[in-house]
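Novice: After the structure tokens below, expect a handful of questions from me.
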């Protein structure tokens, strides 16, 4: 079971497991999203860019960042909804073969004003490669269950 609203403390930090970005990730994301920009799909084209190689879709990085966040298990069975992003920045490219991880810090925990069974957590989030370069960052808002809303017969 994941953490409930009351379990989060301002300043708590978490680091996800790592994940290596593969060719298959990029091909599948391009097909699913319809974003076939040559910067992502053509080695020949990418060699002529300042990057000199294909760059992973920024939104693929964001998606994987979100998945890594959930691999921590913090919201397993307690997460209700992803509420949004604040000030998300794409700071450095991600390349095929890069290994990345997600770093979280609890910025704020706000009880719901309307329902006692939930609260909002604001996380500072950074997607970091093995060289320590922050590739993406911003704030994610997640709605999580509160212990106050759990019945005594809940598992």
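The values are calculated or read from the model by the stated rules, or taken from the named source; none is laboratory data. Not measured: the values here are computed from a predicted model. Note: ideal-geometry Cβ built from the backbone for every residue, glycine included; neighbour counts use all protein chains shown.
Novice: Please count how many residues of the range 8-32 are without any contact (Cβ under 8 Å) to a residue 40 or more places away in the chain, more than 16 Å from residue 68 (Cβ to Cβ) and either part of a loop (DSSP other than H, G, I, E, B) or in contact with a helix residue (DSSP H, G or I) (Cβ under 7 Å, 6 or more places away or on another chain) (or both).
Specialist: Final tally of qualifying residues: 1.
Novice: Right, next: Return the residues of the range 103-138 that are under 18 Å from residue 80 (Cβ atoms), part of a strand (DSSP E or B) and without any contact (Cβ under 8 Å) to a residue 60 or more places away in the chain; say none if nothing qualifies.
Specialist: 110, 120, 122, 123
Novice: State all residues of the range 76-95 that are touching a strand residue (DSSP E or B) at 6+ places or on another chain (Cβ under 9 Å), in a loop (DSSP other than H, G, I, E, B) and surrounded by fewer than 20 Cβ atoms within 10 Å (Cβ to Cβ); if no residue qualifies, say none. Let's see the steps before the verdict.
Specialist: Residues of the range 76-95 that are touching a strand residue (DSSP E or B) at 6+ places or on another chain (Cβ under 9 Å), as a first pass: 77-95.
Then keep just the ones that are in a loop (DSSP other than H, G, I, E, B); that gives 77-78, 91-94.
Listed by number, the residues that qualify are 77, 91, 92, 93.
Novice: Name, by its number, the condition in (1) surrounded by 13 or more Cβ atoms within 10 Å (Cβ to Cβ); (2) within 26 Å of residue 105 (Cβ to Cβ); (3) modelled with pLDDT of 95 or more that does not hold for residue 40.
Specialist: Residue 40 satisfies all of (1) surrounded by 13 or more Cβ atoms within 10 Å (Cβ to Cβ); (2) within 26 Å of residue 105 (Cβ to Cβ); (3) modelled with pLDDT of 95 or more except (2).
Novice: Can you tell which of 59, 68 is buried (at least 19 other Cβ atoms within 10 Å of the Cβ), outside any strand (DSSP E or B) and modelled with pLDDT of 95 or more? Spell out the reasoning first.
Specialist: Numbers: 59 fails: buried (at least 19 other Cβ atoms within 10 Å of the Cβ).
Among 59, 68, only 68 is buried (at least 19 other Cβ atoms within 10 Å of the Cβ), outside any strand (DSSP E or B) and modelled with pLDDT of 95 or more.
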